[in-house]
Amino acid sequence: MNIVIKGFSWNFITQVYKVLFSSLTLVVLARLIDVSDFGIIGMATVFVLFFNTIQNIGFDSSIIYSKSFKENHLLSLFLLNIILGVFIYLGGYLLSPFLSYFYDNKEIESIFKVLVLTVLLSSFGIVSRGYLQKKLDFKRLAIVEIIAITISGVIAVFLAIKNYGYWSLIVQQLVTVGLTSLGFLLITFKSVFGHKFFSFKIIYEHLKFGYNVFIFNVLNFFAQQLDVLLIGKLLGEEQLGIYLLAFNLILKPISLLVQIFNKTIYPVLTKVKSSLIRDSYISFTYSFFFFLAPLIIFLVSISQILVPELLTNKWIETLPLLLIFGYQCVRMIIASPSGLLFLITGNPNKQWKYAIFISIPLRFIGVFLGYFFFKSALGIALGINLFATIEMFAGFYITFKLINLKIYNYLMYFKNYFFSLFLLITLLFIINTFISLVWFSFLMQLLTIIIFVFFNRNEIGINIKKVKEIL
């Protein structure tokens, strides 16, 4: 148990560092680099992510969950990943002119030819990462990731200062992936190459598990990246640049924290008696929401005054997107853990059906209707969140049946805190609307959140104890 707690601690430290350092780096780069440069990189990156999805056929997951895994399996899996990485890189390189034609942008071809190198670089570290995760060696995983993200961020800022534009972002991605893969491989070098043993039987055994992960990842990719693809194709690089900056400023950091929460409560709830899962699930989710919701509201509120000051007015169009993504973050905290109930109650087959027949179609509808009615990145974000809210209640209806929980009873557990948050939002809105001085508005909003914390001090103590119980 001690090694698990240490592992979680290192994982938590890594993710928090990623959030803080990446956000700081992003703010600096956004000030130095043009909006269109961010958009052009986003256009190319969406296809790089697709090739990375194809390249990762689930060997890291199969290593973690396989009960028959042995160290002499590593070399076979490693070599196959390298071979796949080479072929996928060559395929991506040859397809780059077609991507340029798809976007009607000649710069995309040269950008993609370089960025797709990340697929080849990542192939050297996938198996090693899975092996280190299986050993619960999160400390060395964390050290490698922290070093990689720090060095790449510093290099990117230096290049941006020297006016290298979007090449700063390209080099940042290459250095991050390259150093991460190199670090993982060096740590596991003896384990990977210590056994000169290659077997197609081993590969087949791991493929039986990995292909399920692969299929889900491919489906999930199209669902999650459709908005980026559509904005880049139909609205251009500036709209995509604005959309991605807003996404990376608020939604991506919160998503990382939600992942930590889900990974933490999953093993906890699997050990809870069936009769206690419902109450434990509500209690844990409420505690997580209790701490994060006011933080999100405060960050979104001050962003409305700080973005024009820190990033200049060229990013002014991110402000309404930050409001929408802020709502998405709050909704995600309440709804995201419900998906774990499929696994906790032993119904993974229902998770697949839910994703294919409900989650993915609703996202597609939201993206297309948002574009059809508004013809803007903001409209697409609105469409996604409208139908994601519908999906949230559909998910509640299906998953809560597994633990005999009614939607009304679940939401009533939050009702008093919802009211407190509504008052907080109202006060912050009034301050933002009627106080024009940036520094004074910031101080008043900070004072408001401090008062909010003071009035909820007793409940803070209670929920801290609940968090300790989770750990």
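The values are calculated or read from the model by the stated rules, or taken from the named source; none is laboratory data. Every value quoted in this text rests on a predicted model; they were computed, and no experiment measured them. Note that each Cβ is placed from the backbone with ideal geometry, even for glycine, and that neighbours are counted across all protein chains shown. All accessible areas refer to the heavy atoms of the entire protein, side chains included, with ligands and DNA or RNA removed. Shrake-Rupley method; radii C 1.70, N 1.55, O 1.52, S 1.80 Å.
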Is it true that some residue in region 303-316 is outside any helix (DSSP H, G or I), open to solvent by 20 Å² or more (accessible area, probe 1.4 Å) and over 26 Å from PHE396 (Cα atoms)?
yes
Just one of (1) at pLDDT 80 or above; (2) open to solvent by less than 40 Å² (accessible area, probe 1.4 Å); (3) over 19 Å from VAL48 (Cβ atoms); (4) among the polar types (S, T, N, Q) trips up SER181, so point out which.
(3)
Six or more apart or on different chains, Cβ atoms under 6 Å: show the pairs whose first residue is in region 131-148 and farther than 14 Å from THR180 by Cβ and whose second is among the β-branched types (Val, Ile, Thr) and in a helix (DSSP H, G or I).
TYR131/ILE63; LYS134/ILE63; LYS134/ILE64; LEU136/ILE3
Kindly indicate whether any position in region 126-135 is polar (S, T, N, Q), surrounded by fewer than 24 Cβ atoms within 10 Å (Cβ to Cβ), at pLDDT below 90 and in a helix (DSSP H, G or I).
yes
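Residue-by-condition table, conditions (1) under 23 Å from LEU402 (Cα atoms); (2) open to solvent by 10 Å² or more (accessible area, probe 1.4 Å):
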residue	(1), (2)
LEU240	no, no
VAL272	yes, yes
LEU276	yes, yes
SER283	yes, yes
PRO294	no, yes
VAL300	no, yes
Flag for VAL268 being closer than 15 Å to LEU340 by Cβ, outside any helix (DSSP H, G or I), at pLDDT below 95 and of a type in the set (A, V, I, L, M, F, W, C):
no
So which residues in region 143-178 are open to solvent by less than 40 Å² (accessible area, probe 1.4 Å), part of a helix (DSSP H, G or I) and under 11 Å from LEU29 (Cβ atoms)?
GLY153, ALA156, VAL157, LEU159, ALA160, TYR166, SER168, LEU169
Restricting attention to region 364-386, which residues are under 21 Å from the mean Cα position of the chain (by Cα) and either open to solvent by less than 40 Å² (accessible area, probe 1.4 Å) or free of Cβ contacts under 8 Å to residues at least 24 places away in the same chain (or both)?
GLY366, VAL367, ALA377, ILE380, ALA381, GLY383, ILE384, ASN385, LEU386
Restricting attention to region 411-455, report how many residues are closer than 30 Å to GLY395 by Cβ, in contact with a helix residue (DSSP H, G or I) (Cβ under 7 Å, 6 or more places away or on another chain) and either assigned to a helix (DSSP H, G or I) or among the polar types (S, T, N, Q) (or both).
6
Please verify whether LEU421 is open to solvent by 80 Å² or more (accessible area, probe 1.4 Å) and in contact (Cβ under 8 Å) with a residue 12 or more places away in the chain, treating the condition exactly as stated.
no
Return the residues of region 325-358 that are within 30 Å of SER301 (Cβ to Cβ), open to solvent by 20 Å² or more (accessible area, probe 1.4 Å) and at pLDDT 80 or above; say none if nothing qualifies.
TYR327, GLN328, VAL330, ARG331, MET332
